[in-house]
Amino acid sequence: MKFPKNYYNPISLLGSILASVSALIFVFFVATSWLYEGGGAYSGVIIYIVLPIFLILGLILIPIGIRRRARKIRRDGEKGTKSRMVLDLSDPKQWNAVGIFIIATVLFLVLTGIGSYQAFHYTESNEFCGTLCHTVMEPEYVAYQESAHSRVTCVECHVGEGAGWYVNSKLSGLYQVYSVIFNKYDTPIETPIHNLRPAQETCEKCHWPEKFYSYRLRNIRNYLADSANTQWDIQLKMKIGAEHGAQGLQEGVHWHINPDVHIDYIASTKKREFIPWVRYINEASGDTIIYKDIYETLEEEAMDTLEMRVMDCLDCHNRPSHDFLPPQEFTDELMAAGTIPTELPEIKMLAMQIFNHPFTDRDSGSMFIRESVQEYYQDNYPDIAESNGQLLAQATEGLLEGYRENFFPAMRANWDAYPVHIGHSEFNGCFRCHNGQHESEDGKVISRDCNLCHTILAQGTRDNFESTTVANSLEFKHPVDMGEAWKEMACADCHRYLY
């Protein structure tokens, strides 16, 4: 099959080869991925992003080569050739060119449609978000897979609906690609993300504020760092809403997002761990109250430079899908699940000592955990080390599981790098405002009363367990006897620095 002479030039031939090979490889890979449902993050990039680029580049080269060839003909006055493109359907060569052009155009449009559709969905997939930049995104992706939102796609929270936010996300993604390629990213990744879409446009698509449950029971099991790994249970009645559902958001934890209530705050740090200024506005009555921390005050000049933020879901639930648990918490969970044997003496205390170690890389950390367990029991409990090797192996694998899911040395990502604002154990969380130090000009104080958010229904060890009725509450009893000190200080003052 022959074509017009202008077609036969190196550039057009190169373009034809490039386009043809790209199209064949594209069809082959698409068919393979559909038949075997295989492929990974990098194969998806090659199929739906890289190959279409080469296909389009090849198609562009063909007319460029023809045009350059025609210009050369006009300049050199080459005999037997035409210096212009003239459509003459009586010429078999031109019929061939037209036929190939039509077939190629249809094929190109079909492949472009398939590629664009698949590229759109692929770049919106969890696989693309979590595994393409493996080292950078590994901590977030691993934590996400263990979270309550693991069946919610990344883009539903990070992008949401609408073309505008889709375009914004892709433009942001270009900078992220640049950062990864040229090693310009932070370790750990800085949070909070200040350009994240408002929670009202993402979270509240599923979590309808007016329909929160009234109360919720929460059972927490802890183990003390003593020789017997003493079990300590506590049962809380969480006041996430009003006592009766019909009362809506009039009281309880989620009162903060009541439609009639508007709360602004100014944090003194980018991580929003310290909040010295709070403004409460009652939209129904028009009342406005400004609370200022009596110990950490902000100068007017500082207030002008800091962000004033409207409080929403993410000001408390700031790690809804990417939470790295503190060693105390994930060790307790693994022990409660039986993954780490509770009958192994002092295993809780040893776990706390191990996870206080600064890990420099993943492999050396795993080796340190294995060696620490073996050496500790050989030195302190030689009988157990000799006769219960299986128990030590189980404990080691349990500790390694907690380590792999919550420590990422390459990105310096762990629980301490990412403060959690819900609760108040390892971080100030609720106590950022509810610490009894925020006072208005007329003497009103943001309450520090624990019973605003929850009441204690039961607590204690198996041998000394106390409980009460749902309508009442017990006074908190600290597992380690510290007198009344817990009433005067924030939990994080000790718990954040135990490790």
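The values are calculated or read from the model by the stated rules, or taken from the named source; none is laboratory data. The shown structure was predicted, so the numbers you read here are calculated from the model rather than taken from an experiment. Positions of Cβ are generated from backbone atoms using ideal geometry, with glycine treated the same way; all protein chains shown enter the neighbour counts.
Scanning the range 311-352 for residues being small (G, A, S), more than 30 Å from Y280 (Cα to Cα) and surrounded by fewer than 22 Cβ atoms within 10 Å (Cβ to Cβ) gives a total of 3. None of I290, I275, I281 is assigned by TED's automatic domain parsing to the domain that holds W255, surrounded by 12 or more Cβ atoms within 10 Å (Cβ to Cβ), in a strand (DSSP E or B) and touching a residue at least 60 places away in the same chain (Cβ under 8 Å) except I290. Across the range 229-272, the qualifying residues are those that are touching a Phe, Trp or Tyr at 6+ places or on another chain (Cβ under 8 Å), surrounded by fewer than 19 Cβ atoms within 10 Å (Cβ to Cβ) and of a type in the set (S, T, Y), and the one among them that is farthest from K211 (Cα to Cα) is T230. Restricting the range 472-499 to residues that are of a type in the set (A, V, I, L, M) and exposed (fewer than 15 other Cβ atoms within 10 Å of the Cβ) leaves a set whose member that is modelled with the lowest pLDDT is L498. Scan the range 420-432 and give yes if some residue there is assigned by TED's automatic domain parsing to the domain that holds I290 and touching a strand residue (DSSP E or B) at 6+ places or on another chain (Cβ under 7 Å), otherwise no. Checked the range 420-432: no residue is assigned by TED's automatic domain parsing to the domain that holds I290 and touching a strand residue (DSSP E or B) at 6+ places or on another chain (Cβ under 7 Å). Being in a loop (DSSP other than H, G, I, E, B), acidic (D, E) and closer than 18 Å to H495 by Cα is the filter here; which residues of the range 411-452 pass it? Matches in the range 411-452: E426 only. Under the condition of being surrounded by 20 or more Cβ atoms within 10 Å (Cβ to Cβ) and either in contact with a Phe, Trp or Tyr (Cβ under 7 Å, 6 or more places away or on another chain) or not hydroxyl-bearing (S, T, Y) (or both), which residue from the range 141-156 is modelled with the lowest pLDDT? If we take residues in the range 141-156 being surrounded by 20 or more Cβ atoms within 10 Å (Cβ to Cβ) and either in contact with a Phe, Trp or Tyr (Cβ under 7 Å, 6 or more places away or on another chain) or not hydroxyl-bearing (S, T, Y) (or both), then C154 is modelled with the lowest pLDDT.
Looking at the range 441-471 only, could you name the residues that are exposed (fewer than 11 other Cβ atoms within 10 Å of the Cβ) and within 26 Å of W255 (Cβ to Cβ)? Residues satisfying the conditions are E441, D442, G443, D449, T469, V470, A471. Within the range 142-194, can you find the residues that are under 25 Å from E273 (Cβ atoms) and touching an Asp or Glu at 6+ places or on another chain (Cβ under 7 Å)? Across the range 142-194, the qualifying residues are V142, A143, E146, S147.
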